[in-house]
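Visitor: Sharing a structure with you now.
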Amino acid sequence: TQLLEQSPQFLSIQEGENLTVYCNSSSVFSSLQWYRQEPGEGPVLLVTVVTGGEVKKLKRLTFQFGDARKDSSLHITAAQPGDTGLYLCAGQNIYNQGGKLIFGQGTELSVKP
Amino acid sequence: EPEVTQTPSHQVTQMGQEVILRCVPISNHLYFYWYRQILGQKVEFLVSFYNNEISEKSEIFDDQFSVERPDGSNFTLKIRSTKLEDSAMYFCASSEGGIGYLAYNEQFFGPGTRLTVL
């Protein structure tokens, strides 16, 4: 069974600080997707990383896929209160496990003004 | 922007009753999924559906669960006899591509249905 461990589970920081969220597994994924989820709503797709070592940027958010495609990170620069929310990583292994997404437990981010 | 919609947003039912959760996937998508999230826990895969049949299902998706695409737009999840432990948020998702199309398929989620079993 493939598992994704996300850390930290909770993060409370001041506006303007930088932060990194980690997503780790002992298994290889063919892709990894990052979502953001607001309370009472569905996950909203932020980005998909596919190639080992790939880096994608979305404004102040930088996503990286590990070289071995077993881990990923999300780095936020100069966090703002609007970044507050639950961030989820989800791995997918198209070749062995079809299209299902395996989710991490999420990182609850709170950015205080 | 196209989006996945789900109804109802909240369903309260008595244990043992049947419930049907409804989803309208994005119109040109071909692959459909149901996930659930028990309060405070991870989002868990239930089932995937393509070409009018189940592609894959998890251990959670036992004989009490079924899925159907009754027409060209709706995708439903039926729970025949609900249990207390079925209380959760149920999310429908859809994707344009699937296995063999690319090394990934990006899935877009609906807002969820909160199921409360009393």
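Visitor: Show me the ranking of peptides B:73-82, B:5-14 by mean Cβ neighbours inside 10 Å, starting with the highest.
Guide: Details: B:73-82: 16.7, B:5-14: 13.6.
Final packing ranking: B:73-82, B:5-14.
Visitor: Taking H placed 1.01 Å from N in the peptide plane, check which residues at least 5 places from A:ASN93 or on another chain put their amide H under 5 Å from its amide H.
Guide: The list, which skips near neighbours in sequence, is A:SER30.
Visitor: Could you go through segment A:87-93 in sequence order and give the Karplus-derived ³J(HN,Hα) for each residue, using 6.51 cos²θ - 1.76 cosθ + 1.60 with θ = phi - 60°, rounded to whole Hz, and x for Gly and Pro?
Guide: 10, 10, 9, 9, x, 9, 10
Visitor: Compute accessible area for segment A:39-70 by itself and then with all protein chains, 1.4 Å probe, and report residues whose area falls by 30 Å² or more.
Guide: So the qualifying set is A:GLY40, A:GLY42, A:PRO43, A:LEU45, A:THR48, A:VAL50.
Visitor: If you don't mind, another one. Which of rounded, prolate, oblate describes segment B:1-78, given a ≥ b ≥ c as roots of the alpha-carbon gyration tensor eigenvalues and a/c under 1.5 marking rounded, otherwise prolate only if a/b is larger than b/c?
Guide: Judged from the Cα gyration tensor, segment B:1-78 comes out rounded (a/c under 1.5).
Visitor: A follow-up question, please. What shape does chain A take by its C-alpha gyration tensor, where a ≥ b ≥ c are the square roots of the eigenvalues and a/c under 1.5 counts as rounded, a/b above b/c as prolate, and the rest as oblate?
Guide: On the way: a/c = 2.07, a/b = 1.65, b/c = 1.25.
Prolate shape, in that a/c is at least 1.5 and a/b is the bigger ratio.
Visitor: Let me ask something else. Heavy-atom accessible area per residue, segment A:19-113, 1.4 Å probe: how many Å²?
Guide: Per-residue accessible area for segment A:19-113 comes out at 40 Å².
Visitor: For peptide A:71-82, compute the average count of partner chain beta-carbon atoms within 10 Å of each residue's beta-carbon. Spell out each step's value before the answer.
Guide: On the way: counts 0, 0, 0, 0, 0, 0, 0, 0, 0, 0, 0, 0.
Other-chain Cβ atoms within 10 Å of each residue's Cβ, averaged: 0.
Visitor: Same structure, new question: Share of the protein assembly as shown's accessible area from carbon and sulfur, percent, 1.4 Å?
Guide: 48
Visitor: Quick one: Karplus J couplings for segment A:69-74, per residue in order, coefficients 6.51, -1.76, 1.60, θ = phi - 60°, nearest Hz, x for Gly and Pro?
Guide: Values, residue by residue: 6, 10, 8, 8, 9, 10 Hz.
Visitor: Amide H to amide H, which residues 5 or more places from A:VAL47 or on other chains are under 5 Å from it, using H placed in the peptide plane?
Guide: A:TRP34
The values are calculated or read from the model by the stated rules, or taken from the named source; none is laboratory data. Keep in mind it's a predicted model, so treat the numbers as computed, not measured. Neighbour counts are summed over all protein chains in view; Cβ atoms, including those assigned to glycine, are modelled from backbone coordinates with ideal geometry. Please note that ligands, DNA and RNA were not included when accessible areas were found on the heavy atoms of the full protein model with its side chains. Shrake-Rupley method; radii C 1.70, N 1.55, O 1.52, S 1.80 Å.
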